[in-house]
Amino acid sequence: MLTLDKIKISIVGLGYVGLPLAVEFGKRYPTIGFDLKADRIAELQTGKDRTLEVSAEELTQSQHLTYTSNPSDIAECNFYIVTVPTPLDNHKHPDFTPLEKASTTIGKVLTPGNIVVYESTVYPGATEEICVPILEQQSGLKFNQDFFVGYSPERINPGDKSHRLTNIVKVTSGSTPEAAELVDQVYHSIIPVGTHKASSIRVAEAAKVIENTQRDVNIALINELALIFNRLQLDTSEVLAAAGSKWNFLPFRPGLVGGHCIGVDPYYLTQKAQDVGYHPEIILAGRRINDNMGFYVATEVIKRMIQKRIHVAHADILVMGLTFKENCPDLRNTRVIDIIQELQGYGSKVDVYDPWADGEEAKHEYNLDLLNNLPRKNQYDAVIIAVAHQQFCEMGITGFKAITKPKSVIYDVKSILPIDMVDGRL
């Protein structure tokens, strides 16, 4: 079994999860950051991170970290950490393609005594059922005899500068007691707040997938309440503020649920539940509610435009914000796209402005051409505040009215403006 003083780490996948991990490990151990995207490697080698998760200064502090897009360069490593995404396919079923490709890449260079740790979110059992057979097939080695596996779920919160890798307790696990202990020691060496060693890989996998499932269900409840309160002509924010005066009321807010975790992870759990003969009711009900919020917002905007006798067809509408959350460039699984596409379906002309989003990524992922700057004055029949970026919060109602026509609709998804200054909000 490996020891800490012999560890040489490879991080496979240098996105929002992998790069912060590589930087921290690179301060202490020989570490190679591997990503298939050569442009990503070139960017990092110049000290820039497009995800904004790691600063240029932090990158330079990681003195033992190097980068590569060549799979043969990681053959010298003995401790592999997989941080590739686990998306959904068009039918909202788990898509294991990135994990399978990463496992194939590692399997080809795996040697006796190596450990492979997975951080990607999966359902309980997936690591050993899907990834391990690929490692065995590609390497010709035997699991738990020649090589070992661990699972330590990522807990990265994109854009959050308070909750970082080093101050969030890390769940760890391993395929044997000895492997579990070493995996725990490796992570504990870079995380001052400590680790939680789970009894098995399956327990660690389950713990991860329910973290975001719990949040998803709670947000779905608040979203449903918002739909009800709208019909009762009650302001949801006022109701939540009143209810929040009780010490144990959970402070969830209504909104769009996107991103790489909350809107995705529940489907991994429900897939596995259905595989073993159980149809989950609450989890899927929550998913249906949250997945439909974008369409609800678009319908509410159209309704208010009609009430003001604004022609919907060919109307000029501005959607402010495309990322899945505020003050973050992450466009993964953003549900703002549902609002945009629904409005386009009514024949409206929809512009999108987001100072945080990357224009090339928006074009590639959603076929959208983002505005480079805020538009000229009095241009729009409707403005939808979809994301609470700091720049938008600082505009105030005067800033929004400056870009709308005298007869127009302002809909505030994020409740950043007082209710009496907008035409509608969640």
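The values are calculated or read from the model by the stated rules, or taken from the named source; none is laboratory data. Just so we're clear, the structure is a prediction, and the values are computed from it rather than from any experiment. Counting neighbours? That spans all protein chains shown, and the Cβs are built from the backbone with ideal geometry, glycine included. Side chains are part of the model used for accessible areas, which takes the heavy atoms of the whole protein and leaves out ligands, DNA and RNA. Shrake-Rupley method; radii C 1.70, N 1.55, O 1.52, S 1.80 Å.
Quick check on the stretch 70-190: take the gyration tensor over C-alpha atoms, sort the square-rooted eigenvalues as a ≥ b ≥ c, and tell me if it's rounded (a/c under 1.5), prolate or oblate. Don't skip to the answer; put the middle values down first.
Numbers: a/c = 1.65, a/b = 1.16, b/c = 1.42.
Note, shape of the stretch 70-190 comes out oblate.
Using +1 at the C-beta of Lys and Arg and -1 at the C-beta of Asp and Glu, which of His364, Ala180, Phe295 has the Cα lying farthest in the positive direction of the dipole of the chain?
Looking along the dipole axis, the top candidate is Phe295.
Magnitude of the Cβ-charge dipole of the chain, K/R +1 and D/E -1, about the Cα centre, nearest 20 debye?
Values: 42 positive and 52 negative charges, 216 e Å.
Computed about the Cα centre, the dipole is about 1040 debye.
Measure off, as a whole percent, the carbon and sulfur share of the 1.4 Å-probe accessible area of the chain, all protein chains present.
Percent of accessible area from carbon and sulfur atoms in the chain: 52.
Could you tell me which residue out of Phe147, Pro98, Ile74 lies farthest along the dipole of the chain toward its positive end? Charges go on the beta carbon: Lys and Arg +1, Asp and Glu -1, centred on the Cα centre.
Ranked along the dipole, the leading option is Pro98.
Below 20 Å, Cα to Cα, which aspartates and glutamates can Lys37 reach? Residues fewer than 8 away in the same chain don't count.
Output for Lys37: Asp49, Glu53, Asp73, Asp95, Glu100, Glu119, Asp330, Asp358, Glu360, Glu361, Glu365.
Take the alpha carbon atoms of the stretch 384-419, find their center, do the same for the stretch 235-314, and report the distance between the two centers in whole angstrom.
The stretch 384-419 and the stretch 235-314 have Cα centres spaced 21 Å from each other.
With +1 on each Lys and Arg Cβ and -1 on each Asp and Glu Cβ, and nothing else charged, work out how big the dipole of the stretch 64-165 is about its Cα centre, in Debye to the nearest 20.
220 debye
Could you order the peptides 220-226, 355-361 from most to least packed, using the average number of other C-beta atoms within 10 Å per residue?
Values: 220-226: 20.1, 355-361: 17.1.
Answer by packing, highest mean first, reads 220-226, 355-361.
Assign one of three labels to the stretch 282-383, namely rounded, prolate or oblate, based on the Cα gyration tensor with a ≥ b ≥ c the square roots of its eigenvalues; rounded applies when a/c is under 1.5, prolate when it is not and a/b is larger than b/c, and oblate otherwise.
Numbers: a/c = 2.07, a/b = 1.08, b/c = 1.92.
Judged from the Cα gyration tensor, the stretch 282-383 comes out oblate (a/c at least 1.5, b/c at or above a/b).
Given Tyr123, Val422, Ile219, which one lies farthest toward the positive end of the charge dipole of the chain, if we put +1 on the Cβ of every Lys and Arg and -1 on the Cβ of every Asp and Glu?
Val422
For Lys308, which lysines qualify as cross-link partners when the Cα separation must be under 29 Å and same-chain residues fewer than eight apart are set aside?
Output for Lys308: Lys349, Lys377, Lys401, Lys405, Lys407, Lys414.
State to the nearest 20 debye the size of the charge dipole of the stretch 1-153 about its Cα centre, where the only charges are +1 on K and R beta carbons and -1 on D and E beta carbons.
180 debye
Report the antiparallel proportion of the DSSP beta bridges in the stretch 49-178 as a percent, rounded to a multiple of 5.
20 percent
Helix 201-231 versus the longest principal axis of the chain: what is the Cα-based angle in degrees, 0 to 90, to the nearest 10?
0 degrees
For the chain, with a Gaussian network of springs between Cα atoms less than 10 Å apart, report the residue from Lys401, Lys142, Lys161 with the top mean-square fluctuation.
For the chain, modelled as a Gaussian network with Cα springs under 10 Å, the answer is Lys161.
Compute the long axis of helix 177-188 from its Cα atoms, compare it with the longest principal axis of the Cα atoms of the chain, and write down the angle in degrees, 0 to 90, nearest 10.
With rounding to tens, the tilt is 50 degrees.
For the stretch 290-376, report the accessible area per residue in Å² (1.4 Å probe, heavy atoms, rounded to an integer). Intermediate results must be reported in sequence, preceding the final value.
Details: 4160 Å² over 87 residues.
Counting only protein heavy atoms, the per-residue value for the stretch 290-376 is 48 Å².
Using a ≥ b ≥ c from the Cα gyration tensor of the stretch 124-223 (square roots of the eigenvalues), is it rounded, prolate or oblate, where a/c under 1.5 gives rounded and otherwise the larger of a/b and b/c decides, a/b for prolate?
oblate
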